[in-house]
Amino acid sequence: MTVAELLQGSHGLGWAELAGLCVHFMVLSLLAVGGAITTAPDMQRYLVGEQGWMSDAQFTTGVAIAQAAPGPNILFVAVMGWHVAGLAGVLATMLGIMGPSSVLAFIVGRYGQRRADAIGLRAFTAGLTPLTLGLLLSTGWVLTAPTRHQWVAVALVIGAVVVSVRSKISPMWLIAAGAVVGALALR
Amino acid sequence: MSALPAQPAKGEAPLRRPASPAAMFRAFNRLALQGFGGVLPVAHRELVEHERWLSPQQFVELLTLGQVLPGPNIINIAVVLGDRFFGWRGALASCAGLLLLPMAIVLTLTTVYQHFADNPWVVGALRGMGAVAAGLIVATAIKLSRTLKSNPMGLPACLGLGAATWLMVGYLRWPMVGVVLGLGSLGMAWAWWRLRAQEREA
């Protein structure tokens, strides 16, 4: 892999497309009230469906790798950018998803009033919690797109849900178990 | 915002200040590298128990702020905490500590994976990991659904809103902007109206 390939990625995206990518993720940044992962369905819709820059399998793999590695879960966004346009893509997606929300956090942290009991703020969180839930379910649904037709994969999804809800085991072990089962039964 | 550090209750060790933005970079880097599948539990241990930059109460307040604001909670916490101690340099140092090394690791893993993308064992392993990742996210939704019982909108309205969101974004694949602005304003208006009614009754 040459440096030019690293910077541009295999799609050779131009500045206009990179800017479009960045702006799309900036909008998602402000919508990510339940965390960045809630915006994954829209990332998939845009990157896989609308632009055709990556496949369903690449998308799900990206989220899986980011969850298996140490660090904030938001890094799945960097993997998306990397697939789409190398390092330039990483910059576009990460600046997009972090920029607007970080600036907002900076401003609110500095000048905001601490009024967690205000009725407007309570209505905001209470009103958006069901949406967060629906978006998380959407993310789960979208991530199963490449393997939904394989019963072993469906069993893995259900198993992961049950174990994760009922125990405090680290997600790292569940993902490791998924890798072993997958290598043996999902080839 | 009150000035930090505030004095802790009697019997607790006094709070400290980070020595420099570089110290914040190192602390956030350390907690990020320990966080598999979520950094927040590690953040509590490092920032409250180990470094003692925050009291438990201050940590909860910061976490609430990070959750109300859009964007990744832990990044919001890093921005606000970094800014409180060292202004924008602290915010940048904390975020960089959180992201730089873990990002290098994730991208290295991706490149290694791409190298072995033709190997059926590797492809199978990644499919299994993807299925588990999907399950973990669904489990998060289930854990979150337990909080709906105390939601002022009531359980049926909450379930309706959640199901509608899944239908539009997950199944019909409509753009998220319109769905979140539309259903979100509906939910917030309904919650506000219910909270007002509850206050009048009380």
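Read-outs throughout are calculated quantities, based only on the coordinates presented, and are distinct from any laboratory measurement. Just so you know, these numbers come straight off a predicted model, no measurement behind them. Cβ atoms come from the backbone with ideal geometry, glycine included; neighbour counts cover every protein chain shown.
³J(HN,Hα) across the range A:43-58 via Karplus (A = 6.51, B = -1.76, C = 1.60, θ = phi - 60°), whole Hz, x for Gly/Pro?
With coefficients 6.51, -1.76 and 1.60, one gets 4, 5, 4, 6, 6, 8, x, 6, 9, x, 7, 8, 9, 3, 5, 4 Hz.
Search the structure for amide H atoms under 5 Å from the amide H of residue B:119, placed 1.01 Å from N in the peptide plane, and list their residues when 5 or more places away or on another chain.
Long-range HN contacts for residue B:119: none found.
When all C-alpha to C-alpha distances in the range A:37-187 are sorted into bins of 10 Å, what percent of pairs does each bin hold, rounded to whole numbers?
For the range A:37-187, the pair-distance distribution reads 9, 31, 33, 20, 5, 1.
Between residue B:172 and residue A:184, with labels modelled 7 Å along Cα→Cβ, what's the label distance in nm to one decimal, could you check?
With each label point 7 Å from Cα toward Cβ, the separation is 4.3 nm.
Going 7 Å from the Cα of residue B:143 toward and past its Cβ, which residues in the range A:22-65 have a backbone nitrogen under 16 Å from where you end up?
Flagged as within label range: A:34-38.
Mind checking the full-extension length gain between residue B:13 and residue B:64? Use 0.36 nm per residue of separation minus the Cα-Cα distance, one decimal, nm.
The span from residue B:13 to residue B:64 would gain 16.0 nm if fully extended.
Which is farthest toward the positive dipole end of the range B:80-202 among B:96, B:117, B:139, measuring Cα position about the Cα centre, with Cβ charges +1 (Lys, Arg) and -1 (Asp, Glu)?
Checking the options against the dipole of the range B:80-202, the answer is B:139.
Helix check for chain B. Which DSSP H runs span at least 27 Å along their own axis by Cα, with a mean Kyte-Doolittle hydropathy no less than -1.0?
B:73-115, B:120-145, B:176-201
Averaged over B:149-156, how many beta carbons belonging to a partner chain fall within 10 Å of each residue's beta carbon?
Mean shielding count: 2.
What order do you get for A:164, A:170, A:138 when you list them from fewest to most C-beta neighbours inside 10 Å?
Taking fewest neighbouring Cβ atoms as first place, the list is A:170, A:164, A:138.
Could I have the simple spin-label model distance between residue B:189 and residue B:100, label points 7 Å from Cα toward Cβ, reported in nm to one decimal?
Going from the residue B:189 label point to the residue B:100 one covers 4.8 nm.
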